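Scroll down for the structure; my scribbles are underneath it.
The values are calculated or read from the model by the stated rules, or taken from the named source; none is laboratory data. Since the model is a prediction, treat every value here as computed from it, not as a measurement. Cβ placement follows ideal geometry from the backbone for every residue including glycine, while neighbour counts extend to all protein chains displayed. These accessible areas exclude ligands, DNA and RNA; they are computed on the full protein's heavy atoms, side chains included. Shrake-Rupley method; radii C 1.70, N 1.55, O 1.52, S 1.80 Å.
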Amino acid sequence: MPTNNQTDQKKGDDQKRAIQLNQLPALPGDEGKMSDSLKWFAFMSYGVGHVLNDLVASMWFTYALVFYHYVMQLSSINAGAVVLVGQLTDAVATAVIGVLSDKTNIYCTDRYGRRKTWHLFGSVLVFISLPFAFSPPILPQAETSELNTALYYCFFIVFFQIGWASIENSHMALASDLTPIRDERTALLSIRYSFTVFSNILVYVVTWIVLRSNNASKTQFGPSERKEFQIVILVIMIVGAMTTIIFHIGVREPLTNNRVNRELLMTETEAERAANSFWSMFKHITLYQTAVVYMCSRITVNMTLVFLPMYLQDYLKLEAEKLALLPLIMFLSSFCMSLLNKPMNMKLGRKYTYSFGVVLSLGSALWCYLGSGNTFAKYQVYAVTIIIGIACSVVLVTSQALTTDLIGDKTHRGAFTFGLMSFTDKVCNGAVVMTVQSLHCETCPNYYRDIMCYNWTIPSILAFIAVISLPFGGRPTLTVPEVPETHSSSGNQHPDQSKKQPIEKGQEALPSYAVNS
């Protein structure tokens, strides 16, 4: 058991090493990177870097079951199995790519940036495979049986999920690399979520327009809507290509991160190397608490996208037009809320902000359970979708911000950390979809209503328990720890260097227990 003196000495050594590394000269080409302040264009460029993934995710989670079950006429179990294969592939790929993104240093990644290289790799895979995943099979043999059709789609889904995981993991980890300041990371995640909402709105608007222009708005989804899905995919590809180009031009990944990590590896002791390894993370309970919060938040958001169309079509018996209009309204409310996420996190802290989202989720579940009849289907359902849109915005952004707090200054394992978080949520999302579809009761009119209520209550309660027990995430403070006095050999140290430096509001240092975990 280390003594208090040993612990204090270890903290002092860590702080002195951080000061030394921060004083390293910048590499050529590092000028203008986001470090102390975020440039407006780079800020917006980072936000659009995930638009392709957001467009694909909106299509995948909202319309995958609708497309495979109602349009391609797969059974409930086979349609759920196709989605499960995609989620499991995404989970494994996210974890593996997280390790590779943190550990692999080759010439192209060292010069262009590790995160951006993986982002480019994933984008290429998505562009190649996505059109085949939401179009009628190009091989006649694929439609000879239902099993062949399912296997055909699984083949392309595996590739596009690998690409999707590569984009998400590298983009999330890049937020920690671009700035060490907590509230700037929150701002990055907020602008990212704003574009996520914009992407979802775009998908629903395009779907709504396509359905109305092809006289499909007054009917429910069926095999005749194959062409409409191809048109929506074409729009996704065009917009995704434009935003991906903007991201790679506007964001310049700090190349000094690679050099700093190598300096750390050369100077740290064996004990420090073991403490900074990937496997040391599993010794801290905060990792599991944060994983529960992240996983439950993702389940709430993603399963809402998956089962809301099923709920509207099977339970409320609404026409196809409403299956695009109501999710659109939900994400419009999410967009409005995304503008308030940063000030709420700054003023209230992570825990109070997340608790606010939990209350909204539980209120939506209660309203959905008690609501019935023609009045609810025509009017009240709009209010429910607005409230759940606000709740989804709050819990998702705050859970991502808590993950960046967990990473702290350990950016050399940032992608691995996000990979672990994504692994848990992808596996659970796939398991939930498969379970719900395999237990689907054709004679139970309230089946999808109950599923929506369970989706908004069970994950919210579990996440609330986990988030209130975290040792960080409370209201931000304006205090910073004193840096131990360092004595130079020349004795020319300025007397003010050992004093506590004031900081401005909104630039608080991350708590030490988040960094050390």
Within 10 Å, count the other beta carbons around each residue, average over each peptide in 319-331, 365-377, and list them highest first. 319-331, 365-377
Normalise the Debye intensity by I(0) for region 145-251, one equal point scatterer per Cα, no solvent, then take log10 at q = 0.11, 0.13, 0.19 Å⁻¹ and round to two decimals. -0.54, -0.71, -1.14
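Sort region 58-101 into rounded, prolate or oblate with this rule: let a ≥ b ≥ c be the square roots of the eigenvalues of the Cα gyration tensor; rounded if a/c is under 1.5, and if a/c is not under 1.5, prolate when a/b is larger than b/c, oblate otherwise.
Cα axes put region 58-101 in the prolate bin.
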What is the distance in Å between the Cα centroid of region 42-103 and that of region 279-336? 13
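If you take the alpha carbon radius of gyration of region 289-353 and divide it by 2.2 N^0.38 Å, what ratio comes out, to two decimals?
1.42
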Might you tell me the accessible area per residue for region 123-254, computed with a 1.4 Å probe and given in Å²? 37
Taking N as the number of residues in region 299-452, what value does Rg over Cα atoms divided by 2.2 N^0.38 Å take? 1.15
I'd like to know how region 83-197 sits against the 2.2 N^0.38 Å rule of thumb: what's its Cα Rg over that expected value? 1.28
From highest to lowest solvent-accessible area (probe 1.4 Å; ligands, DNA and RNA excluded), 147, 100 read 147, 100
By average Cβ neighbour count within 10 Å, what is the ranking of 181-190, 48-57 from highest down? 48-57, 181-190
Positive minus negative residues near residue 57 (Lys, Arg vs Asp, Glu; Cβ under 15 Å): -1
With a 1.4 Å probe and all protein chains left in place, how much of the accessible area of region 148-232 comes from carbon and sulfur atoms, in whole percent? 67
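At a 10 angstrom cut-off on C-beta neighbours, averaged per residue, how do the peptides 79-92, 379-392 rank from highest to lowest? Spell out each step's value before the answer.
Details: 79-92: 22.8, 379-392: 20.9.
My ranking of the peptides, most packed first, is 79-92, 379-392.
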